[in-house]
Amino acid sequence: MKKKSIGWFRKTYANLFAVLFITLIILGAASCASQPAVEDPTDAPPPVTDAGPSVSQADIDALNAASQRALSARDLVLGFNGDGQFPSEWQSASTLLSTAESQRNVSTPENTRESTARYIRAAEAMEELAALALERNREAALQELIRARNAAVNAGALTHAPDYMIQADYAADEADALFQAGNYFAARDRTNEAISMYEIIGLGLEASILREEIAARAEELVPDFLYWADETALLVFQYWDEGDFSTAWETAVRAYSMYDALNAGIHAYIVREEIEAHGFERYDRENVDLGDDAIYNAIENFIDGNYVYARARIDDAARRYNVALRTGWVLYATERSNAAIAQRQIAIENRANVAVRDEFNTAQQLLVRGSGVMEEARYQEAVILFIESESIFHAVSILALERRQLAEEALIRANQRMAESDETARNAETILRGGATP
């Protein structure tokens, strides 16, 4: 815009000079026709022009200052998203600036001052908008700063990482000082660094806690993977010391993702162990196989550094293992319930409900409790109750059978004794009769 205006001024000035030159020629010709020739042309008076006053350097400097003021305010607005946060105010201010740019004119002092005034109006509008954008962004930044610091404190930073907290607090204080001094972009960058520092501390402590939880099983099952995660965690301190907080944050996220994937993998493995320990593969072979495939794929992605996707595949495996485990417990509990019911029927056939009534009733109560617990999806408890019930039914069934057998044997012996008594009586009667037979 500025170059265009200066070009226009030069073109206008050249046209004016040409008009004046032609006018002088015409006037000179007329003078020669109406007046006698002058023998000494050097005695003629100099020509008079009607050129206006020139623009002073002070006016040009004022115009440039106003233009720079407006553009600087505009940069602040754009740098702090004022155009997006306050669209109507941005439209008004940007229109004023566009008008000032398009109507910039330095052909005369008056035009120059009018251009300066337009820039000043645009600058004032932009500065008001910049103030709104700065205030809103500062509030948001402070809230984020407080959130990040509180998260670090809650993770135990004041106890376990006090030196790092001092550095982060110092960065936050520096950011505030820069903002108060009007160094807004530097303040924004330093604030973001302080936020990153707090977040690195908090995430680092969370990763440390997670590592402690999985260390024993990880060293047993996947020692190499644990070593890689530890090496990545150590890099965080290196980048921190170098002042590269952006890379330190990214590395902390990567280290945490590695520990998190290992933690999830260990829990999935525990479920898989339980399935195998109870022999539940036979109940849901499809989900067990698909879970195994997902685990192998997760291992490949972990090795390739795709920790987020590795975690996703582990979650898929865990979901399938849990489905298989639940199916196993449901079907196993059903089997044990049926076994207890079948044993109860045998006990009844052996009249245990009469012969050993108290013990039979105990088994019956366990069977009823197991059915109630199973309805509440507490399958492991139900299995324990069903197994105990089945065991008692079996025991009382044997006991009742033994008692019945003993009773039958006693009856046989009694009958035998009675038969022997009858024979003895008959023999005695014979003797009393003198040996005569009846």
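The values are calculated or read from the model by the stated rules, or taken from the named source; none is laboratory data. From a predicted model like this one, the values you see are computed outputs, not experimental measurements. We place every Cβ from the backbone using ideal geometry, glycine too, and count neighbours over all the protein chains shown.
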Single residue of ARG285, ARG320, ARG326, ARG313 found to be within 26 Å of ILE209 (Cβ to Cβ), of a type in the set (Lys, Arg) and at pLDDT 95 or above: ARG313
Test: ILE341 is modelled with pLDDT of 90 or more and either assigned to a helix (DSSP H, G or I) or among the polar types (S, T, N, Q) (or both): yes
Odd one out for ASP43 among (1) over 24 Å from GLY182 (Cα atoms); (2) modelled with pLDDT of 95 or more; (3) among the acidic types (Asp, Glu): (2)
Top-ranked residue in the range 367-399 [being surrounded by fewer than 19 Cβ atoms within 10 Å (Cβ to Cβ) and among the polar types (S, T, N, Q); ranked as farthest from the chain's Cα centre (by Cα)]: SER391
Residue in the range 85-102 that is surrounded by fewer than 17 Cβ atoms within 10 Å (Cβ to Cβ), touching a helix residue (DSSP H, G or I) at 6+ places or on another chain (Cβ under 7 Å) and under 30 Å from ALA177 (Cβ atoms) present: yes
Subset tally (residues that are surrounded by fewer than 16 Cβ atoms within 10 Å (Cβ to Cβ) and under 13 Å from ILE195 (Cα atoms)) for the range 109-150: 6
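Which of the helices (runs of 4 or more DSSP H) contained wholly in the range 65-180 include at least 2 residues that are closer than 30 Å to PHE237 by Cβ?
Answer list for the range 65-180: 109-154, 157-160, 162-180.
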Any chance THR334 is surrounded by 16 or more Cβ atoms within 10 Å (Cβ to Cβ) and within 15 Å of TYR379 (Cα to Cα): no
Residues of the range 160-174 classified as in contact with a Lys or Arg (Cβ under 7 Å, 6 or more places away or on another chain) and without any contact (Cβ under 8 Å) to a residue 24 or more places away in the chain, total: 1
Matching residues in the range 118-163 - criterion: being small (Gly, Ala, Ser), outside the structural domain of GLN103 (by TED's automatic domain parsing) and either touching a Leu at 6+ places or on another chain (Cβ under 6 Å) or over 24 Å from PHE185 (Cβ atoms) (or both): ALA151, ALA152, ALA155, GLY156, ALA157, ALA161
Residue in the range 290-300 that is within 24 Å of the chain's Cα centre (by Cα) and within 30 Å of ALA168 (Cα to Cα) present: no
In the range 82-106, the residues that are free of Cβ contacts under 8 Å to residues at least 12 places away in the same chain, of a type in the set (Gly, Ala, Ser) and either touching a Pro at 6+ places or on another chain (Cβ under 8 Å) or more than 23 Å from ARG138 (Cα to Cα) (or both): SER98
Unique residue being part of a loop (DSSP other than H, G, I, E, B) and at pLDDT below 50 when the list is PRO36, PRO53: PRO36
Filter result (surrounded by fewer than 19 Cβ atoms within 10 Å (Cβ to Cβ) and not polar (S, T, N, Q)) within the range 344-358: ILE346, ILE348, GLU349, ARG351, VAL354, ARG357, ASP358
